[in-house]
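The values are calculated or read from the model by the stated rules, or taken from the named source; none is laboratory data. Treat the numbers as computed from the prediction; the structure is a model and nothing was measured. Here the Cβ is made from the backbone with ideal geometry for all residues, glycine too, and neighbour counts use every protein chain on show. The area values use the complete protein model at the heavy-atom level, side chains included, leaving out ligands, DNA and RNA. Shrake-Rupley method; radii C 1.70, N 1.55, O 1.52, S 1.80 Å.
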Amino acid sequence: MKTQKNMTKAQIRKDIISFLNATSGRVEPKPGKKSCGIRHRNCLVLATCSKNIPRATVLEFFNEGMNLYIFGEPGAKIGNIRRNPRVSAMVYEQPLDHSEFQKSLQLFGSAELITVRNNPRLFWSKLRKWKMDAVAKKIMRPMLHGKNLSEAESEIFLKRGLESLTVI
């Protein structure tokens, strides 16, 4: 393996993308009965800050090359990014094994918030690409079943839940 000093920027970029591809979440091609539809792999820790108060959140992520995508529920991390889009993220291999060299990646950048209101086309394309609509249905159906909602009411509830997400 080449040392970092001998690597070109293109080689470093290729290694980073390879690591992200190997660690990010993926759509499960043939999900089993107990699978939500996502092949969970490693997660990342997203660090945000507002009013000089840091916040770190463990989240699942997806990637397209060097762009990372995270589906976030409403909360402090979204509010922090609205006020200060500068973020840091750490991706690391799990489980931690001290008997071998394990890669990790620390990233710095600016986050963008994509919602159904500010960019519906991009929001729905990312949601559908990673089948988050199907995942939400699979996870929420059993919970909704006990609420005696009609099929139409359940669909509305699920759609509103999805529309409350933010793609970071």
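See the values below:
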read-out	value
Residue pairs meeting the criteria (Cβ under 8 Å; at least 6 apart or on separate chains; first without any contact (Cβ under 8 Å) to a residue 12 or more places away in the chain, in the stretch 123-146; second among the acidic types (Asp, Glu) and open to solvent by 60 Å² or more (accessible area, probe 1.4 Å))	none
Where a residue in the stretch 11-31 is in contact (Cβ under 8 Å) with a residue 40 or more places away in the chain and within 15 Å of Ser104 (Cα to Cα) and its partner, wherever it lies, is part of a loop (DSSP other than H, G, I, E, B) and open to solvent by less than 70 Å² (accessible area, probe 1.4 Å), with Cβ under 7 Å and at least six apart	Ile17/Gly65; Thr23/Asn42; Thr23/Glu93; Ser24/Phe61
Counted residues, the stretch 112-141 - those being over 18 Å from Ile81 (Cβ atoms) and open to solvent by 90 Å² or more (accessible area, probe 1.4 Å)	4
Residue in the stretch 139-151 that is in contact with a strand residue (DSSP E or B) (Cβ under 9 Å, 6 or more places away or on another chain) and within 23 Å of Thr23 (Cβ to Cβ) present	no
Subset tally (residues that are among the small types (Gly, Ala, Ser), more than 15 Å from Phe19 (Cα to Cα) and in a strand (DSSP E or B)) for the stretch 61-91	2
Those residues of the stretch 3-42 which are in a loop (DSSP other than H, G, I, E, B) and either in contact with a helix residue (DSSP H, G or I) (Cβ under 7 Å, 6 or more places away or on another chain) or under 17 Å from Asn67 (Cβ atoms) (or both), in sequence order	Ser24, Gly25, Cys36, Gly37, Arg41, Asn42
